[in-house]
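Remarks on the structure that follows.
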Amino acid sequence: MLPKKHKLKKEDFADLQKRKSFQSPHFTLRIQEAPHGELSKFSFVVSKKISKKSVTRNKLKRFGYRAVEEAAQKTNRSAFYVFLLKGADAELL
C-alpha cells in the first residue's frame, strides 16, 4: 500500500484542474509540479459512472495505488499526479 505521505489531499485538487493532462483509453493523467522539497504525491479518482458500488470503486483505487507504489519511490521528479479512471471494465473485478 502506498504510504499516506505519498497520497494527495483534497486541498491540492483545486489547482490541478488547469494543469497539463495526458489522455489514454483507460485514464487521464493530470500533473502539477510540487513545491520545492515536497514528495511526489498520487491520487486516483473513480466516478460513479464507472461503477455505482463503492466497493468496486475503492478496489480500483487500491489497484492503482499498488501499481504506482514502486514508481513513487524511484521517481526523482517532485510532482502531484492525479489519475482519473475512465471506462474501466469494473464487472471483471
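Taking the numbered list (1) of a type outside the set (Lys, Arg); (2) touching a residue at least 12 places away in the same chain (Cβ under 8 Å); (3) open to solvent by 30 Å² or more (accessible area, probe 1.4 Å); (4) assigned to a loop (DSSP other than H, G, I, E, B) in turn, residue 76 passes all entries but (2). On inspection, residue 39 fails the criterion of being under 21 Å from residue 1 (Cβ atoms), free of Cβ contacts under 8 Å to residues at least 60 places away in the same chain and not in a loop (DSSP other than H, G, I, E, B). Could you list, in sequence order, all residues of the stretch 69-88 that are within 20 Å of residue 16 (Cα to Cα) and hydrophobic (A, V, I, L, M, F, W, C)? Scanning the stretch 69-88 gives 72, 79, 80, 82, 83, 84, 85.
When the residues of the stretch 23-43 are filtered to those that are within 13 Å of residue 86 (Cβ to Cβ) and open to solvent by 20 Å² or more (accessible area, probe 1.4 Å), which remaining residue is farthest from the chain's Cα centre (by Cα)? If we take residues in the stretch 23-43 being within 13 Å of residue 86 (Cβ to Cβ) and open to solvent by 20 Å² or more (accessible area, probe 1.4 Å), then 25 is farthest from the chain's Cα centre (by Cα). Of all residues in the stretch 50-68, those satisfying the criterion of being open to solvent by 30 Å² or more (accessible area, probe 1.4 Å) and either under 21 Å from residue 21 (Cα atoms) or aromatic (Phe, Trp, Tyr) (or both) are 61, 63, 67.
The values are calculated or read from the model by the stated rules, or taken from the named source; none is laboratory data. This is a predicted model, so every value here is computed, not measured. Neighbour counts run over all protein chains shown; Cβ positions are idealised from the backbone, glycine included. Remember, those area values only see protein heavy atoms, side chains included, never the ligands or the DNA or RNA. Shrake-Rupley method; radii C 1.70, N 1.55, O 1.52, S 1.80 Å.
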